[in-house]
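The values are calculated or read from the model by the stated rules, or taken from the named source; none is laboratory data. Predicted, not measured: the structure shown is a model, and the values here were computed from it. Note that we place each Cβ from the backbone using ideal geometry, even for glycine, and neighbour counts take in every protein chain shown.
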Amino acid sequence: MNLQKVAAIEIRNLAVGLPELMKYGEGKEMKTAIRKKPVERVFLSKEKFQGDDVADLKHHGGPDRAVCIYPYEHYALWEKEFGKPLPASAFGENVTAANMLEETVFIGDIYRLGEAVIQVNQGRVPCSTIDRNLDMTPLLKAMVKTGFTGYMCRVLEEGYVSADSSLELLEQHPQKVSVLYTNQVFFHEPKNIEGIKRILAVPELADEWRDKFEMRLSNLLKKQAE
């Protein structure tokens, strides 16, 4: 398959983390694994990176969310908008990557990450933990508005990943439904029947997102028939 010519992808940060108690606001606290720490080399299994875990099993983790990637370019945007420097892995991502923007990454794309092979399967639904961790409210709303949320991947082949590993596009999905487009329909176009159908036509879409889109489509079609 002919791959689209894009700038070389670069891993800017590789990080993992376990749930810990995080204090925020005025004397509040919660358990979260958003504060990930940089690592030089780590094993990636079908479930997750070794030494990585989640506190909220309902909304995080699992095979379809084994790897979280966030585009490096957005860091400068948010730092400028909020006037505050961001720490590494500020959004709780495992991989901070340059030249992998949501608009150029498609659902179903397959990448080699070090020794492992991963597949993009869904956008990320950001949560309030991001605002609490960074004390940058309303960053969460800005991420949803722009669609600059990052995205999740499943693991097709396990293997070790290093901070200096290559991250290479192996196969671009032929339907070219971008993460940004998926986010746009998911967050801002709840009645876009054709958009929902286009997204659902991608077999590699994560089950959780598929279920939500199918339910939305079913409700819309029922209303049309009334």
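Within region 148-181, can you find the residues that are within 20 Å of N192 (Cβ to Cβ) and surrounded by fewer than 16 Cβ atoms within 10 Å (Cβ to Cβ)?
Q175, K176
What pairs come up if the first residue lies in region 137-163 and is in contact (Cβ under 8 Å) with a residue 40 or more places away in the chain and among the aromatic types (F, W, Y), the second is assigned to a loop (DSSP other than H, G, I, E, B) and surrounded by fewer than 15 Cβ atoms within 10 Å (Cβ to Cβ), and their beta carbons are under 7 Å apart, counting only those six or more places apart or on different chains?
Here the result reads Y160/E115, each pair linking region 137-163 to a residue that is assigned to a loop (DSSP other than H, G, I, E, B) and surrounded by fewer than 15 Cβ atoms within 10 Å (Cβ to Cβ).
Within region 122-139, can one find any residue that is under 27 Å from A90 (Cβ atoms), assigned to a strand (DSSP E or B) and in contact with a Lys or Arg (Cβ under 7 Å, 6 or more places away or on another chain)?
no
Tell me the residue from L134, L86 that is touching a residue at least 40 places away in the same chain (Cβ under 8 Å), touching an Asp or Glu at 6+ places or on another chain (Cβ under 7 Å) and over 29 Å from E171 (Cβ atoms), please.
Checking each option against the conditions leaves just L86.
Here are the criteria: (1) acidic (D, E); (2) within 16 Å of the chain's Cα centre (by Cα); (3) over 24 Å from P174 (Cβ atoms). Tell me which single one D64 does not satisfy.
Every listed condition holds for D64 apart from (3).
When you scan region 43-57, do you find a residue that is buried (at least 17 other Cβ atoms within 10 Å of the Cβ), at pLDDT 95 or above and out of contact with any strand residue (DSSP E or B) (no Cβ under 7 Å at 6 or more places or on another chain), even just one?
Yes, some residue in region 43-57 is buried (at least 17 other Cβ atoms within 10 Å of the Cβ), at pLDDT 95 or above and out of contact with any strand residue (DSSP E or B) (no Cβ under 7 Å at 6 or more places or on another chain).
Scan region 144-164 and give yes if some residue there is part of a loop (DSSP other than H, G, I, E, B) and at positive phi, otherwise no.
Yes, there is a match, as at least one residue in region 144-164 is part of a loop (DSSP other than H, G, I, E, B) and at positive phi.
Would you check which residues across region 105-147 are surrounded by fewer than 19 Cβ atoms within 10 Å (Cβ to Cβ) and within 11 Å of the chain's Cα centre (by Cα) and list them?
Hit for region 105-147 is V125, nothing else.
Out of (1) in contact with a strand residue (DSSP E or B) (Cβ under 6 Å, 6 or more places away or on another chain); (2) loosely packed, with under 13 Cβ neighbours inside 10 Å; (3) modelled with pLDDT under 95, the odd one out for P19 is which?
(2)
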